[in-house]
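Chemist: This is the structure I want to talk about, given as structure tokens.
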Amino acid sequence: MNESSNRLVRKFNPGTFQSDEEVIAQFVVRQRELGIVLDVLRGNIDSASCQHVLVVGPRGWGKTMLLARVAAELNADDKLSECLLPVRFMEESHEIFNLTDFWLETLFYLVRESASRDPELARELREVHAELVKRWGEETLADRVRATVLDAADRLGKRLVLMIENMQDLCANVEEDFGWQLRETLQSEPQVMLLATATSRFRGLDNVEQPFFELFRIISLAPLDTEECRHLWKVVSGDHVSGREIRPLEILTGGSPRLLVIIAGFAQHRSLHQLMEDLVQLIDDHTEYFRNHLEVFAKSERRVYLGVIDLWQPSSTGEIAMRARMDVRTVSTLLGRLVKRGAVTGKKIGKKRFYTATARLYSLYYKLRRERDEAAVVRHLIHFMSVFYSEAELAEMSVKLMAEAEKFPIIWEGIERAIEEVPDIGSMFPNMVRPNIDRVSRPAMAIDDENVERLLEEVTTVFDKAAKYEELGEFASAIATYDEAITRIGDSDTPELLDSIAWALVQKGDAQGELGEFASAIATYDEAITRIGD
């Protein structure tokens, strides 16, 4: 790794006080999106009418870093630098309320960007900007400033790429006719093109009566996948990790580049006590960021989201509605919105859909802030570990955790809570049973109306674990986990449990097919038909 890539990766201000070389070295994800943006910009060089670009993604998903990387490429690439000049605005456009403000800000940043290329022009533009600001009351000032900007582009012999962030906020704060006036310039003046970002698709994008309808090529950022998380982790921490090792961090952060960079500030260890200390420190250092994440939601959306992150484990619409104290139909609609925004993930298990926070780290933040209960957080970490680590890793970790638990009673309390909620966790951590606790095997649970729901919740947790094995390609472990669910349900003929049996058998058969065990798969499908009948 070269010297530039050893510099700290910016969590909140990528590109600030960084050279183009540093930005390029640290940009290891979002390569596809970078290619799309650069292709559009290249196509604009000789076009009579420019294509404008809007990058959409939640906060912390790499929009600012992408713009910094594009700017670095426009500076570093000989062909692009001859034709295009990046003009990056401040991340928050607090001073723009009308079209005059917009062009004055453009001129202000153009002075900065042109200083190294044409110092004399930059000095002249700085003086013109100072003079025009004094005339803020003139009706034709917007046209005069725009003309100054376009003339400067001609003198530089370059087209200007205006990079504006949080377009949704800018559009919400400007005068009513701002959008139409800006659109007219963007469509008629090829010297100016817009590369903007937004945290979500705002109202004007999809309404034919609004000025930005079909103006942009929209690029939506998805969560980082496992391989992208692994590459980013290597750059931030310097550690080489496998896809299997990075997977828990992918789930914990929801594939958010910013959260992954924050987490990488931790030392990599498996000390639960030290991890708790680090989590508290992380939340202390970044409370404002976590709080802002919650405040972007509308009131009703936030109420549902808080229910999701407080429940932590995959939860049904009914469970979330109960926790949020809201009507289940309203919650169902709001969950759909949260899924579309990328804040919540929905997964169908059997006939039900279950929801979790896309980034589980927000659940830990909320638990620590709301409950101030270390044992509750330990319990959730144990649940997390039981799903995302292999049995061999868990066996190794349990020895260390038991040693820690002897020193820190709060860890024992969290472990016991986890085992009480999901008894099977006790078998995953065979060394974690406190010696002075007389734990006896639970008798088989009778299948009646009172405990069917509880059993369904238990096997749902098992299904979630099996699904994670499938995502990782560990089909043998998935088969064993589905067998576990089938054994738990036993010979029950309760309709709800028969649905779960059918699901488990079909999924088991699919996993056997993935391993090429086709005879076994056919036998499993036959068993499903026999069990379910008509």
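Chemist: For Asp526 and Lys299, what is the calculated FRET efficiency with R₀ set at 51 Å and r taken between the beta-carbons, to the nearest 0.05?
Modeler: Step by step, r from the Cβ atoms, then E = 0.45.
Chemist: When only C-alpha pairs under 8 Å and at least 6 residues apart count, what is the relative contact order of the stretch 9-142, in percent?
Modeler: It comes to 19 percent, rounded to a whole number.
Chemist: So how far apart, in nm, are the two label points at Asp169 and Lys347 if each is 7 Å from Cα heading toward Cβ?
Modeler: 3.4 nm
Chemist: Further, regarding this structure: Could you rank the peptides 217-227, 79-89 by their average count of other C-beta atoms within 10 Å per residue, with the highest value first?
Modeler: Highest-to-lowest ranking by the protection proxy: 79-89, 217-227.
Chemist: Please work out the FRET efficiency for the pair Ala147 and Glu209, using the Cβ-Cβ distance as r and a Förster radius of 25 Å; give the result to the nearest 0.05.
Modeler: With R0 = 25 Å, the Cβ-Cβ based efficiency is 0.25.
Chemist: Say R0 is 51 Å: what FRET efficiency, to the nearest 0.05, do Glu176 and Phe408 get from their beta-carbon distance?
Modeler: Taking R0 as 51 Å, the efficiency between Glu176 and Phe408 is 0.25.
Chemist: Let me ask something else about it. Given a 1.4 angstrom probe, I'd like the percentage of the accessible area of the stretch 14-102 that is carbon and sulfur, rounded to a whole number.
Modeler: For the stretch 14-102, the apolar C and S fraction of the accessible surface comes to 51 percent.
Chemist: In addition: Leaving ligands, DNA and RNA out of it, work out the accessible area of Phe108 with a 1.4 Å probe and give it in Å² to the nearest 10.
Modeler: Only protein atoms counted, so the area is about 110 Å².
Chemist: Another question, then. For a test of the definition: using alpha carbon positions, the gyration tensor, and the 1.5 limit on a/c, classify the stretch 112-221 as rounded, prolate or oblate.
Modeler: Because a/c hits 1.5 or more and a/b exceeds b/c, the stretch 112-221 counts as prolate.
Chemist: Continuing with this model, one more query. What is the packing order of peptides 406-416, 512-522, taking the mean over residues of other C-beta atoms within 10 Å and listing the highest first?
Modeler: Per-residue Cβ counts within 10 Å, averaged per peptide and sorted highest first, yield 406-416, 512-522.
Chemist: When we measure straight from the Cα of Lys508, which lysines land under 20 angstrom away, once same-chain ones fewer than 8 places off are left out?
Modeler: Correct list for Lys508: Lys347, Lys348, Lys351, Lys352, Lys465, Lys468.
Chemist: Sum up the charges of everything whose Cβ sits under 14 Å from the Cβ of Leu121, counting Lys and Arg as +1 and Asp and Glu as -1, but leave Leu121 out.
Modeler: Every neighbour counted, the sum reads -1.
Chemist: In the neighborhood of Glu33, defined by Cβ-to-Cβ distances under 10 Å, what is the net charge if each Lys or Arg adds +1 and each Asp or Glu adds -1?
Modeler: Taking every Cβ under 10 Å from that of Glu33, the sum is +4.
Chemist: Please sort 338-351, 20-33, 63-76, 118-131 by packing, taking for each peptide the average over its residues of neighbouring beta carbons within 10 angstrom, highest first.
Modeler: So the peptides 338-351, 20-33, 63-76, 118-131, ranked by packing, come out 63-76, 20-33, 338-351, 118-131.
The values are calculated or read from the model by the stated rules, or taken from the named source; none is laboratory data. Just so it is clear, the structure is predicted and the values come from calculations on it, not from any experiment. Positions of Cβ are backbone-derived with ideal geometry, glycine not excepted, and every protein chain shown enters the neighbour counts. For accessibility, only protein heavy atoms count, side chains too; no ligands or nucleic acids. Shrake-Rupley method; radii C 1.70, N 1.55, O 1.52, S 1.80 Å.
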